[in-house]
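Written out below as structure tokens is the structure these notes cover.
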Amino acid sequence: MTIEYLKRGRAEADKAADDANTRQIVETTLADIEARGDVAVRELSAKFDGYEPASFRLSSGEIEALMNQVSDRDMEDIKFAQAQVRNFAQAQRDSMLDIELEPIPGIILGHKNIPVQSVGCYVPGGKFPMVASAHMSVATASVAKVPRIIACTPPFKGAPNPAVIAAMHLGGAHDIYVLGGIQAVGAMALGTETIDPVHMLVGPGNAFVAEAKRQLFGRVGIDLFAGPTETMVIADDTVDGELCATDLLGQAEHGYNSPAVLLTNSRKLAEDTLAEIDRILEILPTKETAMVSWRDYGEVILCDTYDEMLEVADDIASEHVQVMTDRDDWFLEKMTCYGALFLGARTNVANGDKVIGTNHTLPTNKAGRYTGGLWVGKYLKTHSYQKVMTDEAATMIGEYGSRLCMLEGFVGHAEQCNIRVRRYGGQNIPYGAAAPFREASEEPVK
């Protein structure tokens with residue numbers, strides 16, 4: 001394989017040092033929240049957001065007043081986007097069926113899809129008001145029929161952002177808190193004097209929010225381990241440098257550590273893209289963020305063949321993968337590790353982030369190797385059940401169970417089977433012995 005890096009990002013050792021520092025801060029902060037509850041949450045909000053309201057929970061009157069500040073056009077756009085997300089989530093939910101079957105006469109097996117009973121949705125908004133994240137987490141939970149949905153978002157420029165609050169409310173949040181960062185995630189998961197803990201946390205966030213979710217996993221469920229936004233553009237000479245540069249920088253503006261990678265088999269496209277990035281960064285209003293992100297985390301990788309591009313792409317397993325080639329469907333068929341695919345030059349990641357209907361909370365840090373993103377199914381737990389209906393079935397399955405338990409040395413387990421064989425099949429099996437073998441054609445002893 002011939003791979004050439006025309007541009008590399010920061011060294012892995014530097015990234016690891018940042019991660020270690022983040023872990024320590026989060027661990028200390030979560031311990032403080034657990035120990036001091038609302039007092040710690042209030043101090044953290046004042047320290048990091050300069051926000052200390054009488055109550056972090058918005059009343060129905062406050063929600064109504066904030067929604068009245070949203071223009072008619074903005075409200076129409078929010079409702080349109082939310083409808084697309086709900087429609088796709090509902091189609092996904094409809095594909096998930098409860099099942100029940102009778103594989104052996106008298107034995108019933110099945111499963112039910114049961115909603116998680118309480119979910120805490122984190123909607124980022126301290127730097128950019130992430131209206132779309134409310135659709136992705138809150139509205140999708142609503143489609144899953146989660147009975148208790150609470151949502152937290154940080155203040156934006158010192159106050160609740162009306163559009164974000166509107167999206168949360170329209171999405172179906174039962175309680176809305178203006179609270180950000182570790183203090184929001186910690187309060188939802190651990191509980192405080194005024195916030196009952198939830199069973200599951202969902203939603204994207206900065207490195208501290210992501211690390212808090214990681215440390216809380218197990219105590220509560222989470223949607224996925226999500227780090228900074230990642231984007232990859234896979235392109236050949238069917239597109240130009242301006243398009244590639246726009247798609248890379250469009251995601252690099254998320255934060256100072258958002259990886260953006262161009263993967264191509266065209267040296268000319270790679271060089272043209274680098275030049276276009278320099279040009280666009282001079283005029284981009286968010287260049288202060290995007291420039292740092294591109295400098296430290298941007299990469300341009302030149303391959304010889306499409307097969308090499310495929311192998312590199314699956315190894316990186318980027319969150320967003322924009323494919324603009326002469327064989328987009330080939331990548332759709334062949335790729336196995338990614339967050340979401342955006343196929344063709346007409347498609348773009350921003351539409352996926354904001355309006356098209358698929359969920360934008362996606363796996364990062366190579367997690368696309370083992371999980372997909374947030375979807376309605378993440379809010380559902382598939383629980384199995386079983387039921388033995390006849391004496392004959394209890395005897396037959398009990399005989400097999402008895403012998404298999406004894407094979408593993410579990411005498412107590414075997415007796416759970418044996419007592420049924422004695423009662424429902426009339427067999428006299430000594431305590432601690434395996435049920436005798438009978439041919440499958442033999443009738444159970446009455």
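The values are calculated or read from the model by the stated rules, or taken from the named source; none is laboratory data. These numbers come from a predicted model, not from an experiment. FYI the Cβ positions are ideal-geometry reconstructions off the backbone, even for glycines, and counts take in every protein chain you see. Protein only, heavy atoms only, side chains kept; ligands, DNA and RNA dropped before computing areas. Shrake-Rupley method; radii C 1.70, N 1.55, O 1.52, S 1.80 Å.
Which residues, taken from segment 216-262, are charged (D, E, K, R) and surrounded by fewer than 20 Cβ atoms within 10 Å (Cβ to Cβ)? So that I can check it myself, show each step before the final result.
Step one: filter segment 216-262 for residues charged (D, E, K, R), giving 219, 223, 230, 236-237, 240, 242, 247, 253.
Residues satisfying the conditions are ARG219, ASP236, ASP237, ASP240, GLU242.
Quick check, is THR361 in contact (Cβ under 8 Å) with a residue 24 or more places away in the chain and either farther than 27 Å from THR140 by Cα or surrounded by fewer than 19 Cβ atoms within 10 Å (Cβ to Cβ) (or both)? No. Among what's in segment 114-129 and is in a strand (DSSP E or B) and out of contact with any helix residue (DSSP H, G or I) (no Cβ under 8 Å at 6 or more places or on another chain), pick the residue that is nearest to GLY372 (Cα to Cα). Among residues in segment 114-129 that are in a strand (DSSP E or B) and out of contact with any helix residue (DSSP H, G or I) (no Cβ under 8 Å at 6 or more places or on another chain), the one nearest to GLY372 (Cα to Cα) is ILE114. Determine, yes or no, whether GLN416 is open to solvent by 80 Å² or more (accessible area, probe 1.4 Å) and touching a Leu at 6+ places or on another chain (Cβ under 6 Å). So GLN416 does not fit the description; no. So in segment 187-213, with the set limited to residues that are open to solvent by 70 Å² or more (accessible area, probe 1.4 Å) and modelled with pLDDT of 95 or more, which one is farthest from ILE149 (Cα to Cα)? Step by step, filter segment 187-213, then rank; the result is GLU193. With respect to SER142, is the statement that it is open to solvent by less than 50 Å² (accessible area, probe 1.4 Å), in contact with a Gly (Cβ under 6 Å, 6 or more places away or on another chain) and not β-branched (Val, Ile, Thr) true? So SER142 passes the test.
Between SER118, SER133, the distinction of being surrounded by 22 or more Cβ atoms within 10 Å (Cβ to Cβ), farther than 30 Å from VAL388 by Cα and polar (S, T, N, Q) belongs to SER133 only. Among the residues of segment 62-107, those that are surrounded by fewer than 16 Cβ atoms within 10 Å (Cβ to Cβ), charged (D, E, K, R) and not in a loop (DSSP other than H, G, I, E, B) comprise GLU64, ASP72, ARG73, ASP74, GLU76, LYS79, ASP94, GLU100, GLU102.
Sub-9 Å Cβ pairs linking a first residue in segment 16-35 that is touching a residue at least 40 places away in the same chain (Cβ under 8 Å) to a second residue that is open to solvent by 80 Å² or more (accessible area, probe 1.4 Å) and part of a helix (DSSP H, G or I), at least 6 apart or interchain, are ARG23/ARG214; VAL26/ARG214, ordered by first then second residue.
In segment 1-57, what count of residues is obtained for those that are in a loop (DSSP other than H, G, I, E, B) and either surrounded by 15 or more Cβ atoms within 10 Å (Cβ to Cβ) or not basic (Lys, Arg) (or both)? Quick ask: steps written out before the conclusion?
Residues of segment 1-57 that are in a loop (DSSP other than H, G, I, E, B), as a first pass: 1-2, 8-11, 37, 50-56.
Next, only the ones that are either surrounded by 15 or more Cβ atoms within 10 Å (Cβ to Cβ) or not basic (Lys, Arg) (or both) stay: 1-2, 9, 11, 37, 50-56.
Final tally of qualifying residues: 12.
None of LEU310, LEU404, LEU332 is touching a helix residue (DSSP H, G or I) at 6+ places or on another chain (Cβ under 9 Å), open to solvent by 60 Å² or more (accessible area, probe 1.4 Å), outside any loop (DSSP other than H, G, I, E, B) and farther than 30 Å from PRO147 by Cα except LEU404.
Going through segment 250-275 one residue at a time, which ones are among the aliphatic types (A, V, I, L, M), within 19 Å of ALA340 (Cβ to Cβ) and assigned to a helix (DSSP H, G or I)? Break it down stepwise before answering.
Of segment 250-275, the ones among the aliphatic types (A, V, I, L, M) are 252, 260-263, 269-270, 274-275.
Then drop every residue that is not within 19 Å of ALA340 (Cβ to Cβ), which leaves 252, 260-263.
Across segment 250-275, the qualifying residue is only ALA252.
When segment 183-204 is filtered for residues that are at negative phi and in a loop (DSSP other than H, G, I, E, B), the ones remaining, listed by number, are THR192, GLU193, THR194, ILE195, ASP196, PRO197, VAL198, HIS199, PRO204. Residues in segment 263-286 that are under 31 Å from the mean Cα position of the chain (by Cα), in contact (Cβ under 8 Å) with a residue 24 or more places away in the chain and open to solvent by 20 Å² or more (accessible area, probe 1.4 Å) were compared, and the one that is nearest to THR246 (Cα to Cα) is LEU284.
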